[in-house]
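Taking it in order: structure first as structure tokens, then the write-up.
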Amino acid sequence: MSGIVTTSLVPPLVAALAAIWLGRHFVAAVAYVAGTFGTLVGAELLNMPRVRSLQAPMVSIGDAGTFDGAFLAGLVTVLLASL
């Protein structure tokens, strides 16, 4: 079994800093979108070239674990940006 592994605090921290820098009056909304989409784009779309090397008959992009991680990354990002 292979997969994409990352630390659980670095992506929300980077997204929170970007939201604070770019968000102005909408820091929480920008933080949530940046944390969620950043996780999905980074873990899923940027790794699409690796799909051919898996030689699997079927590939599932975005199972429950990925979406749970993206949702939690969005929430943690909002909490960090609110501090």
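Within the stretch 18-29, can you find the residues that are in contact (Cβ under 8 Å) with a residue 12 or more places away in the chain and part of a helix (DSSP H, G or I)? Scanning the stretch 18-29 gives Ala18, Ala19, Ile20, Val27, Ala28.
Residues in the stretch 42-83 that are among the polar types (S, T, N, Q) and modelled with pLDDT under 75: Asn47, Ser60, Thr66.
The values are calculated or read from the model by the stated rules, or taken from the named source; none is laboratory data. Quick caveat: nothing in here was measured; it's all calculated off a predicted structure. In this analysis, Cβ positions are derived from the backbone assuming ideal geometry, glycine residues included, and neighbour counts consider all displayed protein chains.
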